[in-house]
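Here's the structure we're looking at; comments come further down.
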Amino acid sequence: MMDVSGWVLTDTEKTRLAKPSIGGVILFARNYKNINQIKALVASIRKINPDLLLAVDHEGGRVQRFKQGFTHLPAMAELGKAYAKNPEKACKQAFSCGWILAAELLAIGMDFSFAPVLDLDYGNSKVIGDRSFAAKPSVVVELATALVTGMHEAGMKCVGKHFPGHGYVATDSHFDLPVDNRPMAQIEYDMCCFKDLIAKGLLDAVMSAHILYPQVDKKPVGFSKKWVDILRQDLGFQGVIFSDDLSMQGACFIRDITQRVQATLDNGHDMVLICNHPELLNQVIDNNWRGSEKLHLMRGIKNQKFDKMTHLKIIEDLL
């Protein structure tokens, strides 16, 4: 999955998007000017290859790439605060947030958002922070269940991130490789957010974290077959596994980008992301990478009933 540079495709990007190795595009705030422009950009990508998956980090709060013309959704921590006061109301609000998030993106032709964040809020991680629903797994699971159910009703698949949990470590994997020295017994506390949603059949996809857990494996999660086996075999997850961005510093455990991609696909990931570094993309784009039959399951299905006002009323005190 690659990114593009601006509001319209360059000729170079059109050539890249036609390559067999490219299976999707992730869009950022720099790609968004207004509703008409983003619809035109999406259409131009679809014209090159209608099967490409189109995704965006659109969680709410400070991580929402498209703003003007979209409902500016609250950070998930606001739902956690609401849950502490009134759990039933907060779950209804989470459902409506999920529905609006999905319906608005589907309406412009996107397939899915990389959401929800299932990391616990230990108060250690600035990069996670208010992106997390709460500190307690039971609260995260309840609110995420409601949010994902809303996304599904609107026609969008979900991506739980960052497996097995990014909330404990302070280091930002965008800039360095976080190391979590806890034993597996403690990591399982974070991981139960994923475990419970998988058991409910609600997680369509998972994004792995660029974190090293030395007590479990000598390789970071994204490059570790052991962690993929835990996800697939121990937790019974059968959906799509995405890497986090392989251009992040947390992924530089393997220095060569070709070897990074190879290691990630070899251990069982279905798709890798390379963002914001076209020079790295150019090094791997012409390779004959294996495909995944599961990826088509992430296509969005636009819900014909677009009743946004009802959901806006439910979340009005969060906006």
Would you point out which residue out of LYS157, LYS126 is among the basic types (Lys, Arg) and touching a Leu at 6+ places or on another chain (Cβ under 8 Å)? LYS157
Show the residue pairs meeting these rules: Cβ distance below 7 Å; 6+ apart or different chains; first residue within the stretch 288-306 and aromatic (Phe, Trp, Tyr); second residue surrounded by 15 or more Cβ atoms within 10 Å (Cβ to Cβ) and modelled with pLDDT under 90. none
Is it true that some residue in the stretch 276-283 is surrounded by fewer than 22 Cβ atoms within 10 Å (Cβ to Cβ), touching a residue at least 40 places away in the same chain (Cβ under 8 Å) and under 19 Å from SER173 (Cβ atoms)? yes
Name every residue in the stretch 148-182 that is under 18 Å from the mean Cα position of the chain (by Cα), on the phi < 0 side of the Ramachandran plot and in a loop (DSSP other than H, G, I, E, B), in order of residue number. MET156, LYS157, CYS158, PRO164, HIS166, GLY167, ASP172, SER173, HIS174
Collect the residues in the stretch 1-50 that are touching a Phe, Trp or Tyr at 6+ places or on another chain (Cβ under 7 Å), in contact (Cβ under 8 Å) with a residue 40 or more places away in the chain and part of a helix (DSSP H, G or I), keeping them in residue-number order. ILE38
Against the condition assigned to a loop (DSSP other than H, G, I, E, B) and aromatic (Phe, Trp, Tyr), how does PHE194 come out, does it pass? no
Among the residues of the stretch 187-203, is there at least one that is touching a helix residue (DSSP H, G or I) at 6+ places or on another chain (Cβ under 9 Å) and under 28 Å from LEU281 (Cα atoms)? no
Complete set of residues in the stretch 275-319 that are closer than 30 Å to ALA75 by Cα and of a type in the set (Asp, Glu): ASP307, GLU316, ASP317
Being closer than 17 Å to VAL272 by Cβ and part of a loop (DSSP other than H, G, I, E, B) is the filter here; which residues of the stretch 199-209 pass it? ALA209
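Condition check ((1) assigned to a helix (DSSP H, G or I); (2) free of Cβ contacts under 8 Å to residues at least 12 places away in the same chain; (3) surrounded by fewer than 21 Cβ atoms within 10 Å (Cβ to Cβ)) across all residues:
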{"residue": "GLN68", "(1), (2), (3)": "no, no, yes"}
{"residue": "LEU79", "(1), (2), (3)": "yes, no, no"}
{"residue": "LYS92", "(1), (2), (3)": "yes, no, yes"}
{"residue": "LEU101", "(1), (2), (3)": "yes, no, no"}
{"residue": "LEU105", "(1), (2), (3)": "yes, no, no"}
{"residue": "ALA115", "(1), (2), (3)": "no, no, no"}
{"residue": "TYR122", "(1), (2), (3)": "no, no, yes"}
{"residue": "PHE133", "(1), (2), (3)": "no, no, no"}
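The values are calculated or read from the model by the stated rules, or taken from the named source; none is laboratory data. Please read all numbers here as calculations on a predicted model, not as lab measurements. Using ideal geometry, Cβ is built from the backbone for each residue, glycine included, and neighbour counts are taken over all protein chains shown.
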